[in-house]
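Peer 1: Submitted below is the structure of interest, expressed as structure tokens.
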Amino acid sequence: MEIDYLKLAILEAWKYQFLTYPNPAVGCVVVVKNRVFVEAHKKVGEPHAEVNALWSTYKSFFSTPNLTTSQEIHEYLYKNHNNSFNDATIYVTLEPCNHIGKTPACSQLIETIKPKKVVIGWLDPISSHSGGVQRLKNAGIEVEILNDKRCFDLIEPFIKWTNDKFIFFKFATSLNGAYTGGYITKKESLKWVHKVRDKLDLIVIGGETVRTDRPTLDARMVNGKAPDILIYSRQKEFDKTIPLFNIDNRKVYISDNLDIINKYNFIMIEGGENLYQKVKQIVDWNLFIININKILDRKNYKFDDEIEVIHVEKKEDMFLWTQKM
């Protein structure tokens, strides 16, 4: 049975979805000498997926210094690759970048180490970053482009927030869809949410939720920044001792319209069924974080939207990434 190496790269990249903002989530697999190395891009400013995968591969065969930055790894492999990648096949979910930004160009590194073949899931949608394919072909490297929709799904948030804005609605529920009454999902999921808040530009939340839950909506579990807040409410008076109002370097808007979101690129909306019904026409994706070990006799989400499941990931809770059909 032929192994779907690109799927391995896709699954690895999903582990870092949203956490690479403003970069795309990208995964890479290197297959060489009957061994498989799987890596992803993890954080803006850090090595891209290809660099992490190539470095993991190289380290498994050779003694190496402890290098962490993309620049260090690029320069070391330029000088010391020893033609060790000539029989390798690289699978990457997105066309290797061909520009120099916070990190060197991945296409230049791959051109230098000269693998046998590079399989690309999706071409780079940013024209100023593209050209990697042609560079590799000019170097005599075989290139296969798959145009795999799974890879497009992976970078859809990146395309949207780069060109305008990307909005997702987060649902935290029990197995039977209950969402009221405090924390429902597990601590690991809450920590993941804090990691994402550290990347967000704006959180939208309903006034009823603010009054009932008195949230903070920060990223304290990861020592991260707190995004700005839009409280979507017709009533403008709130108890200013509610913690979300008392976070440094944060703007809090209270409005009965959503116009302010046009000033932001990466936006999360969280709340109950009423809020969802009011905002669903502007939502790109829905993310359901489901505690599959709880069935609760509380208020449940009820709506008739047909959805397409983009990705499912089982952590301590179930993560279900969807969009409206």
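The values are calculated or read from the model by the stated rules, or taken from the named source; none is laboratory data. All values reported here derive from a predicted model rather than from experimental measurement. Cβ sites come from the backbone with ideal geometry, for glycine too, and all protein chains shown count toward neighbours. Protein only, heavy atoms only, side chains kept; ligands, DNA and RNA dropped before computing areas. Shrake-Rupley method; radii C 1.70, N 1.55, O 1.52, S 1.80 Å.
Peer 1: Which residue out of Thr93, Thr89 is touching a helix residue (DSSP H, G or I) at 6+ places or on another chain (Cβ under 7 Å) and either open to solvent by less than 60 Å² (accessible area, probe 1.4 Å) or at pLDDT 95 or above (or both)? Break it down into steps so the answer makes sense when it comes.
Peer 2: Details: Thr89 fails: touching a helix residue (DSSP H, G or I) at 6+ places or on another chain (Cβ under 7 Å).
Result of the check over Thr93, Thr89: Thr93.
Peer 1: Cβ contacts < 8 Å: first residue of a type in the set (Lys, Arg), restricted to segment 264-280; second residue open to solvent by less than 30 Å² (accessible area, probe 1.4 Å), any location; separation 6+ or different chain. Result?
Peer 2: What qualifies is Lys280/Phe169.
Peer 1: Now for a separate question. Working carefully through the options Ser60, Ser84, Ser107, find the one that is assigned to a helix (DSSP H, G or I) and either hydrophobic (A, V, I, L, M, F, W, C) or farther than 21 Å from Ser130 by Cβ (or both).
Peer 2: Matching residue, one of Ser60, Ser84, Ser107: Ser60.
Peer 1: Asp248 versus (1) in a loop (DSSP other than H, G, I, E, B); (2) under 18 Å from Leu175 (Cα atoms): which is the lone unmet condition?
Peer 2: Only one criterion in (1) in a loop (DSSP other than H, G, I, E, B); (2) under 18 Å from Leu175 (Cα atoms) is unmet by Asp248, namely (2).
Peer 1: Inspect segment 275-286 for any residue being of a type in the set (Phe, Trp, Tyr) and in a strand (DSSP E or B) and give the result as yes or no. Let's see the steps before the verdict.
Peer 2: Restricting attention to segment 275-286, the residues satisfying the condition of being of a type in the set (Phe, Trp, Tyr) are 276, 285.
Remaining after also requiring in a strand (DSSP E or B): 285.
Yes, segment 275-286 contains at least one residue that is of a type in the set (Phe, Trp, Tyr) and in a strand (DSSP E or B).
Peer 1: Kindly indicate the residue of segment 1-39 that is in contact with a helix residue (DSSP H, G or I) (Cβ under 6 Å, 6 or more places away or on another chain) and of a type in the set (Phe, Trp, Tyr) and also least open to solvent (accessible area, probe 1.4 Å) among those meeting that condition.
Peer 2: Once the filter is applied, the top-ranked residue is Phe18.
Peer 1: Restricting attention to segment 218-240, does a residue exist that is assigned to a helix (DSSP H, G or I), charged (D, E, K, R) and free of Cβ contacts under 8 Å to residues at least 24 places away in the same chain? Don't jump to the end; show me each part of the working.
Peer 2: Of the residues in segment 218-240, the ones assigned to a helix (DSSP H, G or I) are 220-222.
Subsequent filtering for residues that are charged (D, E, K, R) retains 220.
Imposing the further condition that a residue be free of Cβ contacts under 8 Å to residues at least 24 places away in the same chain reduces the set to none.
Within segment 218-240, not a single residue is assigned to a helix (DSSP H, G or I), charged (D, E, K, R) and free of Cβ contacts under 8 Å to residues at least 24 places away in the same chain.
Peer 1: Then there is this: Test Asp213 against the stated conditions and say whether it is within 14 Å of Leu275 (Cβ to Cβ) and open to solvent by 40 Å² or more (accessible area, probe 1.4 Å).
Peer 2: On the way: within 14 Å of Leu275 (Cβ to Cβ): yes; open to solvent by 40 Å² or more (accessible area, probe 1.4 Å): yes.
The answer is yes for Asp213.
Peer 1: I've got another one for you. Residue by residue through segment 208-217, note down the ones that are in contact with a helix residue (DSSP H, G or I) (Cβ under 9 Å, 6 or more places away or on another chain) and part of a helix (DSSP H, G or I).
Peer 2: Residues satisfying the conditions are Glu208, Thr209, Val210.
Peer 1: Look at segment 226-247 and say how many of its residues are open to solvent by 100 Å² or more (accessible area, probe 1.4 Å) and under 21 Å from Ile267 (Cβ atoms).
Peer 2: Of the residues in segment 226-247, 1 are open to solvent by 100 Å² or more (accessible area, probe 1.4 Å) and under 21 Å from Ile267 (Cβ atoms).
Peer 1: Give the residues of segment 266-287 that are closer than 16 Å to Ile167 by Cβ, open to solvent by 60 Å² or more (accessible area, probe 1.4 Å) and polar (S, T, N, Q), sorted by residue number.
Peer 2: Scanning segment 266-287 gives Gln277, Gln281.
Peer 1: Please enumerate the residues belonging to segment 162-191 that are over 15 Å from Gly272 (Cα atoms) and surrounded by fewer than 21 Cβ atoms within 10 Å (Cβ to Cβ).
Peer 2: Thr162, Asn163, Asp164, Lys165, Leu175, Lys186, Lys187, Glu188, Ser189, Leu190, Lys191 - these are the residues of segment 162-191 that are over 15 Å from Gly272 (Cα atoms) and surrounded by fewer than 21 Cβ atoms within 10 Å (Cβ to Cβ).
Peer 1: Quick check on my filter: what residues within segment 192-207 are farther than 15 Å from Phe266 by Cα and either in contact with a helix residue (DSSP H, G or I) (Cβ under 8 Å, 6 or more places away or on another chain) or surrounded by fewer than 19 Cβ atoms within 10 Å (Cβ to Cβ) (or both)?
Peer 2: Gly206 - this is the single residue of segment 192-207 that is farther than 15 Å from Phe266 by Cα and either in contact with a helix residue (DSSP H, G or I) (Cβ under 8 Å, 6 or more places away or on another chain) or surrounded by fewer than 19 Cβ atoms within 10 Å (Cβ to Cβ) (or both).
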